[in-house]
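These notes are about the structure you will find just below.
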Amino acid sequence: MIVSRRTFLQAGAVGLAGAAWPHSLWAAESAAEKSSKIHVSAREGSFGGNFEIAARCHLDGVELGINKPAEKLPIADAAARKKTKEQLQALGLAVSSLSLNLMNNYPMVSEPRAPAWLEQTIEAAKDFGTRGILVPFFGKGELKPEHFDELVVRMKAAAPLAAAAGVVLGLENWLSAEQNLKILDRIGSDAVRVYYDVGNSTLKGYDVPAELRRLKGRLCMIHFKDGANYLGEGKVEMPPIAKALKELDYRGWIVLETSCPSKNPEADCKRNATFVRKLLGLADKAN
């Protein structure tokens with residue numbers, strides 16, 4: 001259903017009080033999630049967009065991108081979703097997350113269609129059985145202090161819709177953990193959290209392990225990347241990050257947003273996925 005911004009905001013005003021629960025949003029784990037605390041996924045670009053390659057890279061899931069603007073997003077097409085679900089199910093893959101990539105050019109805080117796009121994506125995530133939606137703030141959508149008030153208004157409106165669907169909205173941006181926490185506190189819903197990116201935060205000079213600890217209980221998902229490098233071979237110090245995640249007893253998805261140095265998506269994605277599993281002490285799906 002496509003709604004106007006006014007209707008979307010009214011829904012948030014009446015529903016916000018119900019956005020917090022006595023139990024964590026993550027309490028009802030799927031069968032796949034119960035087998036391990038952490039699962040490994042990848043954005044489509046990291047495996048060349050071919051689901052068969054993703055399966056051969058021993059991933060648990062994939063992050064699907066939403067790239068082009070339209071009144072009705074392609075992800076809102078139930079028939080198209082059914083086809084995608086069937087393809088992934090046959091390969092033993094889940095949809096870890098949906099990423100609203102188009103919001104880097106059509107910002108969440110200013111685009112009139114953004115609330116409707118978010119609602120469509122929430123409905124799609126529910127249908128996929130997906131718990132995380134990445135809401136990015138890069139490029140034209142870079143989040144600045146003058147945008148915070150409108151962001152809070154729109155996220156407060158979206159939060160009860162996400163909560164009702166069992167979905168978390170993950171804010172990914174250039175801000176520090178402390179800045180993000182102030183925004184989350186203003187929104188006041190467990191259905192809005194931080195989608196943390198260890199590569200971006202390293203680039204900004206943040207203390208990544210300390211930030212992860214600071215965000216305990218407020219993380220949606222985590223991107224692993226290190227520029228043009230293979231994981232473990234660049235600027236991002238991975239062992240301290242793994243230690244922090246262990247201390248946090250992190251449960252959820254690690255999503256690869258890795259590059260392809262060799263220009264072979266399958267070889268490079270498999271190499272990075274194997275590194276992550278070894279780093280975090282996870283069983284290899286190939287065994």
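Quick notes
- Some residue of the range 237-253 being closer than 20 Å to residue 49 by Cα, under 21 Å from the mean Cα position of the chain (by Cα) and at pLDDT 95 or above: yes
- Residue within the range 201-214 that is free of Cβ contacts under 8 Å to residues at least 60 places away in the same chain and within 17 Å of residue 60 (Cβ to Cβ) present: no
- Every residue from the range 272-287 that is under 20 Å from residue 91 (Cβ atoms) and either exposed (fewer than 15 other Cβ atoms within 10 Å of the Cβ) or not small (Gly, Ala, Ser) (or both): 272, 274, 276, 277, 282, 283, 284, 285, 286, 287
- Long-range neighbours under 7 Å by Cβ, at least six apart or interchain, first residue more than 18 Å from residue 188 (Cβ to Cβ) and in contact (Cβ under 8 Å) with a residue 24 or more places away in the chain within the range 135-162, second acidic (Asp, Glu) and in a helix (DSSP H, G or I): none
- Matching residues in the range 217-260 - criterion: being in contact with a Phe, Trp or Tyr (Cβ under 8 Å, 6 or more places away or on another chain) and surrounded by fewer than 16 Cβ atoms within 10 Å (Cβ to Cβ): 251
- Taken as a whole, the range 243-257 holds at least one residue that is over 18 Å from residue 37 (Cα atoms) and touching a residue at least 12 places away in the same chain (Cβ under 8 Å).
- The C-beta contact set for the range 166-187 (first residue at pLDDT 95 or above and assigned to a helix (DSSP H, G or I), second residue surrounded by fewer than 22 Cβ atoms within 10 Å (Cβ to Cβ) and of a type in the set (Val, Ile, Thr), distance under 6 angstrom, 6+ apart or interchain) comprises 186/152; 187/152.
- For residue 210, the test of being within 24 Å of residue 249 (Cα to Cα), modelled with pLDDT of 95 or more and aliphatic (A, V, I, L, M) is passed.
- Set 55, 17: member being of a type outside the set (Val, Ile, Thr), at pLDDT below 95, more than 20 Å from residue 117 (Cα to Cα) and assigned to a helix (DSSP H, G or I): 17
The values are calculated or read from the model by the stated rules, or taken from the named source; none is laboratory data. This is a predicted model, so every value here is computed, not measured. For neighbour counting, all protein chains shown are included, and Cβ atoms are generated from backbone atoms with ideal geometry for every residue, glycine included.
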